[in-house]
Every structure is written in C-alpha cells, then in structure tokens.
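What follows is calculated from the coordinates using simple rules that are stated; it is not laboratory data. All of these numbers come straight from a predicted model, not from anything done at the bench. FYI the Cβ positions are ideal-geometry reconstructions off the backbone, even for glycines, and counts take in every protein chain you see.
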Amino acid sequence: MEQALVVSNIVLWIAVLVLVAVVFALVRQIGVLHERIAPMGALVMDHGPAVGDLAPVVAARALDGRTLQVGAPDARQTLLFFLSPSCPVCKKLLPAIESMARTEAARLQVVLASDGDDADTHRRFVERHALQAFPYLLSQPLGMAWRVGKLPHAVLIGADGRVAAKGLVNSREQLESLLLADDLGVASVQEYVARRGAAPAAGEVRA
Amino acid sequence: MGTLDPLLHAVLVAALAALWLHAGIAKLRDLARLEGVIADYRLLPEALVRPASLALPAAELAVAAGLVAWPERGAAAIASAALLALYAVAVAVNLRRGRRAIDCGCGDAPRPIHRWLVGRNAVLAVLSLALLVPVGARALGWLDAVNAAMALAAVVGLYATLEQWQHNRQAMQAATRMEEG
C-alpha cells in the first residue's frame, strides 16, 4: 500500500510539471502573439502638426547658448528627438540616434529636445552620454508646439520645412521607420498598412 | 501557535531565495534602466537615485543569500517582507498619483505599473513572514527530497505563468485603450 502511494505521488508530480510546462508555453505563445499584432513602427498620435503640414517654427535655446530656429527650411532634413534624462527608453535609443546621425549625415541633422528648469541635470546627462555633437534644446514651447505627450517622441522635418514623419518611438526599428515612412511617401507605417488594406490590387506603394 | 511542516518550510525558503536571486541579477544586468526606473517613481531626491540603484540589487541578493545560508533566517524573512512591502507602497503611491505609465522595473521586459503588483507583493510578503512560524519536528526521508524538488519546480513554473498571464492582460488592456482612442 505504501509503495503504491509513493509511486502514485511521483507519477502525479510528473503530470503536474508537464501541465505547468504546457500552460506556461501556451501563455507565452499568447504573449508572443500580442507582440506580433502590436502596432508596428512609430505610433502617430492624432494631434499636433500633421504630416505634410508646414512645421511650426520655434526659436529654442540650446544648452551651449545658441538659439536655433527649429522647423525653418534647411539644407538637410531635421530629426527632432524629444527626450528626458529620467526616461529609460530614451537612453536606450541614444546609440541608435548616434549611429543614424553618422550614417545619414549627408541628409539629416539630429536635434535633441527636452525641457525643465534644471540645466545642470541636462548638462550632466549630455556629458554622461557624450551627446556634445548634437544641439540640445531646453524649450517648453517646442514640446507644446509639437504636442509631445509621451517620450521618447521623434519628428522628422523635411528640408522644405514640412513635417515628413513623426511619432512615439520605443525601439530602433520604430525610429528607423520614420525615415523609411518618408522614403516611401507615407505618413506612418500604420498608414502604409491601411493603404495596402484599402487597395489590395495596387500592390505597391508610390516611391 | 502551530508549526510549519519542514517540507513546506524548505520549499518556501528555496522559492523565495530563487525569486530574490532572479530579481537581483535582473536589476544588476541593467543598472542604467534601474536608475531611470527609480527616478521615475519620484519618491527619492535626485542625489539618492544612484545610491539606491546600487543598494536595491545588493539588498535583494543579500536576502537571497541570507534565506539559504543563514541558520537563523528570521532576519532574512523580515527583510524579504519589508522589501516587498516597500515596492508595493512605491507602486501604490504612484498609482494614487495617477502616474500609471511608468515602468515597474520588475523582471526583464518593461511593463507599466499595475495594482496587480501591489496584490502580488502583499501575498509574497505574507509568505515571507510564514518563515517565522516555528518549524515542526519531523524526520525527512528521500520522498520528501523528491517532493521538495518537484514542488519547487512547480511553484517556479506557476509563478512564471502567472506573471506572463498578467503581462498579456496588460497588453490586451493597452490595445483596447488604443482602439478606443
């Protein structure tokens, strides 16, 4: 009798562990599915200057004392990256910003933007992450002009001063999707997907 | 007052130690993120954020080691409950402030804070305090060793499953909110 209980105990344990493994695998699969169906590319919030509009021209003061006319037509495109020293995702994206600034230097200038009164915090942040190469603006009007609600937020302004692409960016892929959206002539990856859905016969997107 | 069976006590110790070991290592692997997370909770003056980002993983690993290695593990059990209560309060305060979009800093993938975390930590704190209950005297045999190992594996697996389930739930809620605008 006792031996029967020992054997059944062990058999039941094995069954429990197999079930736990199966349930975990199923729940994990659901998680992966959620990631797959999540919106791709930079998420465009439905407010602020629209893609295609003229960008608002805002004069903003950089940490080094210069004043920049953000949004004015320029020889190159401008990538305006809104960040904050206390935003972990922003820090994660800094290497992507730097490499993008290097590889696209011919057509793109990168401008970092934040706000807050405590310039010292921002100076330390610039030093710690070696961001001296980029203009670092401290301007609340700039964030308000673009209706930045969540960080990190990126705006691509064309050389003609029009908004080329913008959105909340959480990953390197979403950041690159802004340039890609501009190359493809769509406002966002969401619009790209919507357009393909609306006109399946067209099959291709205007370059 | 009753006693706790030595088998249950052993499983509880091992499971809590595994929890703290995992939490401590995950925090140490991305100290920059942890610093940002602590700053985002907005509970500490800025000067203390960096020391706290080093102290928390150190405390977590110390609790893990204390639970396993210390013959008198009451202190580690109390420290475990205190840390869990601290995190629960930090999350609750920020939920009360309406700051729901901040990263909880728990585990590997960033995830917004949620009242689930408060409840989870409360349960874990109670389990930590259960280690203070005197351990019953019973000779442990080989079958207890099998039971302990299997139970530990099952508890770890179920905990990971529950966490993933909650992660999915939050992802679903976020997607629903986005569709509604």
Would you tell me the mean number of C-beta atoms belonging to other protein chains that fall within 10 Å of each C-beta in B:37-43, as a whole number?
2
What's the FRET efficiency of residue B:138 with residue A:121 using the Cβ-Cβ distance as r and R₀ = 41 Å, to the nearest 0.05?
0.10
Return a single number: how many Lys pairs in the protein assembly as shown, at a sequence separation of 8 or more or on separate chains, have alpha-carbon atoms below 16 angstrom apart.
4
Among DSSP beta bridges whose residues both lie in the protein assembly as shown, state the antiparallel percentage, nearest 5.
65 percent
How many partner chain Cβ atoms sit within 10 Å of a residue's Cβ in peptide A:78-90, on average, as a whole number?
3
How do the peptides B:76-86, A:78-88 rank, highest first, by the average count of neighbouring beta carbon atoms within 10 Å per residue?
A:78-88, B:76-86
Expressed in nm to one decimal, what extension gain is obtained for the pair residue A:133 and residue A:16 from 0.36 nm per residue of sequence separation less their Cα-Cα distance?
36.3 nm
Relative contact order %, chain B, counting alpha carbon pairs below 8 Å whose residues are six or more apart
31 percent
Around residue A:153, which amide H atoms from residues at least 5 apart in sequence, or from another chain, sit under 5 Å from its own amide H, with H modelled in the peptide plane?
A:82, A:169
Residue-ordered couplings for segment A:5-10, obtained by feeding phi - 60° into the Karplus form 6.51 cos²θ - 1.76 cosθ + 1.60 and rounding to whole Hz (Gly and Pro as x), are 5, 4, 4, 5, 4, 5
Which residue fluctuates the most in chain B, going by a Gaussian network model with Cα springs under 10 Å, if the choices are B:141, B:36, B:107?
B:141
Label-point gap, in nm, between residue A:37 and residue B:42 - each point 7 angstrom along Cα→Cβ:
3.4 nm
Per DSSP helix of 4 or more residues, -39500 (n - 2.57); summed, then divided by the residues of the protein assembly as shown. What does that give at 222 nm, rounded to the nearest 500?
-20000 deg cm²/dmol
Hits for chain B under the membrane-span-like helix rule (DSSP H, Cα axial span at least 27 Å, Kyte-Doolittle mean at least 1.0) are B:6-29, B:46-69, B:74-96
How big is the antiparallel share of DSSP beta bridges in segment A:58-198, given as a percent to the nearest 5?
60 percent
Let me confirm one metric for peptide A:22-28, namely the mean number of other chain beta-carbon atoms within 10 Å of its residues' beta-carbons.
5
Given a Förster radius of 56 Å and the C-beta distance between residue B:173 and residue A:2 as r, what FRET efficiency does 1/(1 + (r/R0)^6) yield to the nearest 0.05?
0.65
Around residue A:166, which amide H atoms from residues at least 5 apart in sequence, or from another chain, sit under 5 Å from its own amide H, with H modelled in the peptide plane?
A:156
